[in-house]
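All of the numbers you see were taken from the coordinates with simple rules; none came from a lab. Keep in mind that what you see is a predicted model, and the values were worked out from it rather than measured. Please note: Cβ atoms are built from the backbone with ideal geometry, for glycine as well, and neighbour counts cover all protein chains shown.
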Amino acid sequence: MGREITNPYPMKYFSKTSSPVLALHGEADGTQKMRYVKQAWYEVKHSGAKLITHVYPGAGHAWDSKGKLFDAWDPEVKEDAFKRTLNFFKENMR
């Protein structure tokens, strides 16, 4: 039933030849806890992959989804994340 997960640790797929990755995360995310996120980021960075991270203080999970299951809507975080994402693509899509 459902999709089988062949590698529950996707950070193991990264290497120095991987495309750059942007990771934006809410510090108060109760779904993806920061201690696990930091461990994953550590593994990706030490694989040689280019990883750009930013943590939003006080932001929860799904801060970009207004009126959804997770009611963590934060328009300031959403706007900043949008700008960071556009800049990331401008700098890395060559």
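Data for the structure
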read-out: Residue-wise HN-Hα coupling along segment 78-94, computed from phi with Karplus coefficients 6.51, -1.76, 1.60 (Hz; x: Gly, Pro); value: 4, 5, 5, 4, 4, 5, 4, 5, 4, 4, 4, 5, 4, 7, 10, 9, 10
read-out: Filtered trypsin sites (Lys or Arg not before Pro), segment 27-63: DSSP coil and at most 16 other beta carbons within 10 Å; value: 33, 50
read-out: Quarter of the Cα convex hull surface for segment 27-92, i.e. its orientation-mean projected area (nm²); value: 4.9 nm²
read-out: Fewest-first ranking of 61, 46, using other Cβ atoms within 10 Å as the exposure measure; value: 46, 61
